[in-house]
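One structure is given below, encoded as structure tokens.
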Amino acid sequence: MDRISTLPDNITEKILTLMPIRDALRTSILSRKWRYSWRSMPKLAFTDDMVKVHSSCPLLKKSLLVNAIFHVLLFHKGPTKLEFFSSFDDFQMFSEVDQIINYLSRGSSVNELILVVRDNYYKLPVSFFSLQGLESIELQNCVLEPPVTFNGFSRLRRIMFNNVKVSPQMLQRFFSECPLVEYISLIGYKLLGMDFAAGGSKFTFVDLLECVPLIQTLEISKYYMEFLSTGGMPHKLPTSLPRLKYLDLDMCLMEQNEISSTMCLIRSSPLLVKINIMMFGNEKLSATNFLDLEDYSTNFLDPEDYSDLNLNHLETLEIRGFSNLPYEMEFVKLIIAKSHVLKKVKIEFDYNVSIDEELKMIRDLAGHDEDIRFVTGGNMFTFVDLLQSVPLIKELVVSEDYVKCLSAGGMPHKLPTPLAYLKYLCLDVCLMYHNEVSSALCIIRSSPVLENLIIVMYGNEKLPAQKTPTNFFDPEDCSNLKLDHLETFKIEWFSNLPLEMEFVRLILAKSPVLKKVQLELNDNVYDDEELEMLRNLVRYPFPRASPSAQLIIERP
């Protein structure tokens, strides 16, 4: 019997699930066992390209597509996950989609439904609300209007709405009828027809969170944030969110309601593990005119307001669109100060933040005064300070500007405490600066289990060979260098300078299990220089601790 016919059923199902449905159906010709395997695929994903028809025949494509979908559903044993990705409006097939959903509502086993509509809005039919087996729904560009007879989805745990048109009252009613919801993602771009801010009864964060007491993950985008935070929030929610672990919010510091809503949610979530904040609109708020807001938001970060804030489980803080404004920085400091087990802080800068502002922010976070410099005067924040703060570091990538600042003042022969877990190291290094040279060697010397080393040379094309640091490769400094685990070594922008060659020789001599050495040449290395370098390597090959190390020389 052939190998594919002996595969376990779960492996066969996994293979089929990863294939486009059109190809999955074709596997029925492979063997007798595979003939009906597609019928038990747990996931069916229907897309416009299921059928191949010339674009000038939209009616024919519509007919073939609808027939293909019904054919698959009719002969399938019953999928648990169903996905539709289509431009229904292009084919004028909204009524046919209604029929498909109506068919599924009659005893279907579907518990996960993804319905992504492109180009236009699709109004969900009444039969959609009869899919009582649903545990997860993802809707995009749909209109949601539950009928008066709707009693909720009793099993629904995960909700993702992307640009779903729904009124505040309908949204509140929908959530209130789904008591087991644990995951909510509300993303909107236009939110046409939604008016949370004016007229009639409002639907706020307080109303939303009262409907979903079991919530574990909450993702709220810009426009939903604007509407749900209308009127602000209390100091703390009437009932805490004891299960909420992941909070992802868009927030504008120009809006006091959004600020108070964010802090209320954080304060009311004692078990938060991860906070993800996307800053928006703050680029219009310069440090000079930011002072104009103090009259209405002076208590934003008043320590007295946060004496009861305890983030004892928070492990990760991520902020995107960071503009390095005073209140943004105060927010970061507040969260860090209240998070005793915090492991990771990731800040993604807005495009308007310059390198100088970025370095200033690092000084600020490091706890230094405003007038302290990295390179001259006062206390400095160096590689030693950084690496002592992260004893479990496994990967370290430091680019040119950070290397300049962190290497100020040089480095010791070896770090006080070795980097026992560091396996991947990537550094920008200029041989003109002895501090950067000594810092690179110190880190390498202090990393006993290093497996991958990448050095990006910069500025060396301006460096005459006679002006290179004379003690860069002092034999006494490198006698105790052991790279017993190094497997890959790469130099980018290699200029074929003597000291660069000496560095390569040193690494090869100290790496007994090295498998690959890659030298990527700088643009300033001419063809005749490259040829001469290759000749020298043939005449005077590098002494290698690893006889199997492969040397590759290439251009970018």
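The values are calculated or read from the model by the stated rules, or taken from the named source; none is laboratory data. Model, not experiment: these values are computed from the prediction. Counting neighbours? That spans all protein chains shown, and the Cβs are built from the backbone with ideal geometry, glycine included. The protein model used for the area step is the full one, side chains on, heavy atoms only, and it has no ligands, DNA or RNA in it. Shrake-Rupley method; radii C 1.70, N 1.55, O 1.52, S 1.80 Å.
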Exercise for review: Hey, can you tell me all the residues within segment 120-129 that are in a helix (DSSP H, G or I) and more than 16 Å from ILE159 (Cα to Cα)?
Suggested key: VAL126, SER127
Exercise for review: Would you be able to tell me the number of residues in segment 496-535 that are assigned to a helix (DSSP H, G or I) and either farther than 22 Å from GLY459 by Cα or touching a His at 6+ places or on another chain (Cβ under 7 Å) (or both)?
Suggested key: 6
Study note, to complete from the structure: Flagged in segment 440-468 as modelled with pLDDT under 75, assigned to a helix (DSSP H, G or I) and open to solvent by 10 Å² or more (accessible area, probe 1.4 Å), in numbering order, are GLU461, LYS462, ALA465, GLN466, LYS467
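Every residue in segment 333-355 that is small (Gly, Ala, Ser) and over 13 Å from LEU314 (Cα atoms), please.
The answer is SER354, and nothing else.
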Check your understanding: From LEU497, LEU514, which residue is touching a strand residue (DSSP E or B) at 6+ places or on another chain (Cβ under 9 Å), within 17 Å of VAL429 (Cβ to Cβ) and modelled with pLDDT of 75 or more?
Key -> LEU497
Study note, to complete from the structure: GLY78 meets each of (1) among the small types (Gly, Ala, Ser); (2) part of a loop (DSSP other than H, G, I, E, B); (3) modelled with pLDDT under 85; (4) on the phi < 0 side of the Ramachandran plot with one exception, condition (4)
Check your understanding: What are the residue pairs meeting all of these: first residue in segment 331-347, first residue of a type in the set (A, V, I, L, M), second residue open to solvent by 60 Å² or more (accessible area, probe 1.4 Å) and assigned to a helix (DSSP H, G or I), Cβ atoms under 7 Å, and 6 or more apart or on different chains?
Key -> LEU342/ILE336; VAL345/ILE336
Practice item. Give segment 208-225 a look and list any residue that's under 15 Å from ILE187 (Cβ atoms) and outside any helix (DSSP H, G or I), or say none. Key: THR217, LEU218, GLU219, ILE220, SER221
Point to revise | Matching residues in segment 138-184 - criterion: being among the aromatic types (Phe, Trp, Tyr) and either at positive phi or outside any helix (DSSP H, G or I) (or both) | key: PHE150, PHE153, PHE161, TYR183
Check your understanding: Is it true that GLN99 is modelled with pLDDT under 90 and in contact with a Gly (Cβ under 9 Å, 6 or more places away or on another chain)?
Key -> no
Point to revise | Restricting segment 407-439 to residues that are in a helix (DSSP H, G or I) and open to solvent by 10 Å² or more (accessible area, probe 1.4 Å), the residue that is nearest to PHE489 (Cα to Cα) | key: SER438
**Study point:** Given (1) under 21 Å from ASP48 (Cα atoms); (2) open to solvent by 20 Å² or more (accessible area, probe 1.4 Å), index of the condition ILE187 fails
**Key:** (1)
Check your understanding: Just a yes or no: is a residue in segment 103-119 part of a helix (DSSP H, G or I) and at pLDDT 80 or above?
Key -> yes
Point to revise | Hits in segment 115-129 - residues which are open to solvent by 60 Å² or more (accessible area, probe 1.4 Å) and closer than 17 Å to MET170 by Cα | key: LYS123, VAL126
Point to revise | One residue from LEU139, LEU144, LEU115, LEU104 being farther than 14 Å from ASN162 by Cβ, touching a strand residue (DSSP E or B) at 6+ places or on another chain (Cβ under 8 Å) and free of Cβ contacts under 8 Å to residues at least 40 places away in the same chain | key: LEU104
Review point. Can you tell me which residue in segment 226-249 is most open to solvent (accessible area, probe 1.4 Å), limited to those that are among the charged types (D, E, K, R) and not in a loop (DSSP other than H, G, I, E, B)?
Key: GLU226
